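Worksheet: one structure, shown below.
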Number of protein chains: 2
Amino acid sequence: MSKNIIVIGSGAAGMTAASEAKRVDPSANVTVITDDEYIAYSPCVIPWAIEGEAKWEDIVMHDADYYAKERDISVLIKTKVESVSDADRKVITSDGKEFTYDSLIIATGSTVFVPPIEGKDQEGVFQVKTVNDGKSIQAALADTKRIVIGGAGVIGLELALGLVRLGKDVTIIEMMPQVIPRIADADMAAPIQKYLEDCGVKFVMNAPISKVCGTGKVTGVIAGKGDDAKEYPCEMVIFATGVRANLTIPKMLELDIGQLGAVITAPTMQAYKRGRLVNNIFLAGDVVQCQSAITSGATMSQLGSTAVKQGLVAGKNAAGGSAVFGPVASPWVSAVGELQIAGTGMSQGLASWYGLKIVEGKAQGLTRARYFPGGKPLTVKVIADAVSHRIIGAQIVSQEDVTGRINWLTSAIIDGSTAEDFIVRAENAYCPPTNQVRDVVLAAVDDLITKL
Amino acid sequence: MSKNIIVIGSGAAGMTAASEAKRVDPSANVTVITDDEYIAYSPCVIPWAIEGEAKWEDIVMHDADYYAKERDISVLIKTKVESVSDADRKVITSDGKEFTYDSLIIATGSTVFVPPIEGKDQEGVFQVKTVNDGKSIQAALADTKRIVIGGAGVIGLELALGLVRLGKDVTIIEMMPQVIPRIADADMAAPIQKYLEDCGVKFVMNAPISKVCGTGKVTGVIAGKGDDAKEYPCEMVIFATGVRANLTIPKMLELDIGQLGAVITAPTMQAYKRGRLVNNIFLAGDVVQCQSAITSGATMSQLGSTAVKQGLVAGKNAAGGSAVFGPVASPWVSAVGELQIAGTGMSQGLASWYGLKIVEGKAQGLTRARYFPGGKPLTVKVIADAVSHRIIGAQIVSQEDVTGRINWLTSAIIDGSTAEDFIVRAENAYCPPTNQVRDVVLAAVDDLITKL
């Protein structure tokens, strides 16, 4: 008899898991249940879609019809899950339909964390997570001159640039003293802030937002510490303050939740319940916490690329295949106008959270040979653990060719390479129009070794 | 007393070794002896310098004066080494000067291998190795309409494009059936040939050159097998037929030469003499053969990036420091107009030379998210050993962001990662304007695994 595989959630994790499950077991009945209207899109692109650089109709790659016809996967959109029972393997939706599963994949993702402050539920307050969030912002722009973005993470920065390009007066308000505070170091993040300032984005740093002003409609926010607190008038507030795992379904099933507020899984992406592996429940995406590749302990990796990787593992295992998900260094990259910033593994801030003592190396160079026209400045920073000498983090700022380099350094982190070993083993390709004869990545590790 | 360190050769290996030796032991007397006129430049850039895209005055980064004043390194240009004696640690130059060394670094590089055919020494026959080679070609262009390039390796291809852009009639004649025959596979090399054909470069494949015609001045070449042999009229022939190690000095010293026609070294870049380590003689660059990172046995890695890496090791050890040079996968990249092609480790041809049975995976995608404007096509091929499942080679063709990806795959080869393990461990950064959510590198390995 055909296996029933139910996937809850239609983001990168859910749709990948559904497709992979169907690929592994073509006879399976695969059903995706989602409360979203649009499926199979990348929330990361929403800043560019708001600006108009990418088109809404392009970014949603497939609709439910496509999945039905092309992949024989049933997708129920705008459908909420009312209850799930592990005992009788049933999912009941809010419209009263009942589904029985042999394998359940939970990919319920995350929700923007909006701080619990006064006035946050007024007209004119937005977040950036779904296509509908983005379209709502876009629709409200005509009546908006001044916009406050709460949070200077990469989504906030990308969005700010798009909005100033549309002629808006944009202020980013951040509670920490630097942009991209959790995953980038101050010295690497500074050129990004400078670039955005030159583009016209205003920054208010060290300033937690304590209130959204207005009587039903936003008129401003109050931000700043103690006597520095003041009002920043605006007609729109967008919270880009990070996300939290959606735990409603995992809690219904009493799955084990970890210290970081997300679901604990086995390497197979299977759930645990009171410490015991649950055979037929799998998870993927923002809803789970991961094992750090660097040190013992859990970490969060709420990235689209992680979601896809986990979706492949969950989907394959749910369909009777066999795969495992490894520990993560969580490489990321952001494009802010002409600049790209990428990072992997530990930043100073993350290392400090884990109590690690670090040593840093840094090098500056170009994306082409020094004498070759058109090279862009390239800065690479590498972080090692002071005790083991292992490479545990890296960050790169340039205008091109950043992603491949950060993936390369990610593999060094995951392989547990020491800085000294990396220098013996790593090689770089060379051609004057594409890079320097000794890549800046190697030069940064050379510098690091002099400090160990 | 200060140590005397003598370096023979002023290319990437020699100048890097000299600078590193001086850095490690600032009290050392470091002397570089070279028969070249220009020092410290990258021969790889000569195709672009001939075209005028890079300037001769820029590509020579430093002259002897600079090294004397800024680094306290003495560089004797246009100076030939007449003899070297290990017994009394003496180098005698052809102008009769005598130098005593405590450590000797041999970085004599390589020479273009011109096939021993009739007519090869006439006016109008060139090679592309030194700045003076390049300047000679440039000076002769005014009187030249038709140019034959012997050899479709990356230098030949890069040069051909530059010359058609200057309005010349350019024909590449290659004895093998594909371009970049040794290190690229036919399917990956084909788009490069097609691109060059579209730019106006003509190709004659499967055609060894058997004669350069002319009576003192080139009038054509005869190429082709058997009855296919015919004359290709031209006023200039440029041999880009690969290089051979310069062994004159190593042979004077009776150093051990390997099966590939280059000097054998220890991981410290020290020479051997009848199987015994020579304590005070080091080598670096095109003159040595390397250990393959993939399989037991020697390999050649006559690349600028390898030369610099070996120069650092040789220089450091010669000055009393401690470093080793690891086995190589020899990543390379070439820019041919808008296209970039890169490779690492084994091609089909190299794998076959080592007797390895291989399995291939391939994926095509884009350098940006599918829906994001401006993405360039990106093709990645990955080769695994059929027995061990280890990744042993990769090739990439795109228009951007090729180098970082090939370095990333190089680290997988050097770390001995199996394809299955790579998929568990590798992670990629993601942002719609810079790459796909699942990098094409991972997609290629996914494809490979289905075939194992």
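Structural remarks
- Residue that is surrounded by the fewest Cβ atoms within 10 Å (Cβ to Cβ), among those in the stretch A:388-405 that are in contact with a helix residue (DSSP H, G or I) (Cβ under 8 Å, 6 or more places away or on another chain), within 11 Å of chain B (Cβ to nearest Cβ) and not in a strand (DSSP E or B): A:401
- Among the residues of the stretch B:260-312, those that are surrounded by fewer than 18 Cβ atoms within 10 Å (Cβ to Cβ) and charged (D, E, K, R) comprise B:273, B:274, B:276.
- Considering residues of the stretch B:211-251 that are free of Cβ contacts under 8 Å to residues at least 40 places away in the same chain and part of a strand (DSSP E or B) only, the residue farthest from residue B:46 (Cα to Cα): B:230
- Boolean, residue A:285 is assigned by TED's automatic domain parsing to the domain that holds residue A:446 and either of a type in the set (Asp, Glu) or more than 30 Å from residue A:378 (Cβ to Cβ) (or both): no
Okay, residues lined up against (1) within 24 Å of residue A:423 (Cα to Cα); (2) within 21 Å of the chain's Cα centre (by Cα); (3) at pLDDT 95 or above:
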position: B:373; (1), (2), (3): no, no, no
position: B:377; (1), (2), (3): no, no, yes
position: B:395; (1), (2), (3): yes, yes, yes
position: B:410; (1), (2), (3): yes, yes, yes
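- Assessment of the stretch B:24-32 against the conditions (of a type in the set (Asp, Glu), touching a helix residue (DSSP H, G or I) at 6+ places or on another chain (Cβ under 6 Å) and more than 10 Å from chain A (Cβ to nearest Cβ)) yields no matching residue.
- Contacts under 6 angstrom Cβ, first residue in the stretch B:187-204 being within 13 Å of residue B:156 (Cα to Cα) and in contact (Cβ under 8 Å) with a residue 24 or more places away in the chain, partner of a type in the set (A, V, I, L, M, F, W, C) and assigned to a helix (DSSP H, G or I), 6 or more apart: B:201/B:160; B:201/B:164
- Total residues in the stretch B:434-452, condition within 7 Å of another protein chain (Cβ to nearest Cβ), surrounded by fewer than 24 Cβ atoms within 10 Å (Cβ to Cβ) and either in contact with a strand residue (DSSP E or B) (Cβ under 7 Å, 6 or more places away or on another chain) or polar (S, T, N, Q) (or both): 0
- As for the stretch A:357-377, it holds no residue that is over 22 Å from residue B:342 (Cβ atoms), within 13 Å of chain B (Cβ to nearest Cβ) and free of Cβ contacts under 8 Å to residues at least 24 places away in the same chain.
- Residue list for the stretch B:195-210, filter: outside any loop (DSSP other than H, G, I, E, B) and more than 23 Å from the chain's Cα centre (by Cα): B:197, B:198, B:202, B:204, B:210
- Taken together, the criteria exclude residue B:347 from residues that are at pLDDT 95 or above and within 9 Å of chain A (Cβ to nearest Cβ).
- Residues in the stretch A:411-429 that are facing another protein chain (nearest Cβ under 7 Å) and out of contact with any strand residue (DSSP E or B) (no Cβ under 7 Å at 6 or more places or on another chain): A:411, A:414, A:415, A:424, A:425, A:426, A:428.
- Top-ranked residue of the stretch B:347-381 - restricted to ones that are of a type in the set (A, V, I, L, M, F, W, C) and touching an Asp or Glu at 6+ places or on another chain (Cβ under 7 Å), ranked as nearest to residue B:442 (Cα to Cα): B:363
- Test result for residue B:18, in contact (Cβ under 8 Å) with a residue 12 or more places away in the chain and within 14 Å of chain A (Cβ to nearest Cβ): no
- Screening A:65, A:58 for residues that are within 14 Å of chain B (Cβ to nearest Cβ) and either touching a strand residue (DSSP E or B) at 6+ places or on another chain (Cβ under 7 Å) or without any contact (Cβ under 8 Å) to a residue 12 or more places away in the chain (or both) leaves exactly one candidate, A:58.
- Residue match in the stretch A:32-42 (condition: within 25 Å of residue A:95 (Cα to Cα) and free of Cβ contacts under 8 Å to residues at least 40 places away in the same chain): yes
- Taking each residue of the stretch A:136-154 that is assigned by TED's automatic domain parsing to the domain that holds residue A:167 and looking for partners that are part of a helix (DSSP H, G or I) with beta-carbon atoms closer than 6 Å, six or more apart or interchain, yields A:137/A:50; A:138/A:50; A:147/A:163; A:149/A:156; A:149/A:160.
- Breaking point among (1) touching a Phe, Trp or Tyr at 6+ places or on another chain (Cβ under 7 Å); (2) farther than 12 Å from residue B:427 by Cβ, for residue A:312: (1)
- Residues that are assigned to a strand (DSSP E or B) and either surrounded by fewer than 22 Cβ atoms within 10 Å (Cβ to Cβ) or out of contact with any strand residue (DSSP E or B) (no Cβ under 9 Å at 6 or more places or on another chain) (or both), drawn from the stretch B:10-32: B:29, B:31
- Only one of the listed residues (B:7, B:45) is free of Cβ contacts under 8 Å to residues at least 60 places away in the same chain, crowded, with 19+ Cβ neighbours inside 10 Å and touching a helix residue (DSSP H, G or I) at 6+ places or on another chain (Cβ under 9 Å). That residue is B:45.
- Among (1) within 30 Å of residue A:162 (Cβ to Cβ); (2) among the hydrophobic types (A, V, I, L, M, F, W, C); (3) in contact (Cβ under 8 Å) with a residue 60 or more places away in the chain, the one test that residue A:104 misses: (1)
The values are calculated or read from the model by the stated rules, or taken from the named source; none is laboratory data. Everything numeric in this text was worked out from a predicted model, so none of it was measured. Positions of Cβ are generated from backbone atoms using ideal geometry, with glycine treated the same way; all protein chains shown enter the neighbour counts.
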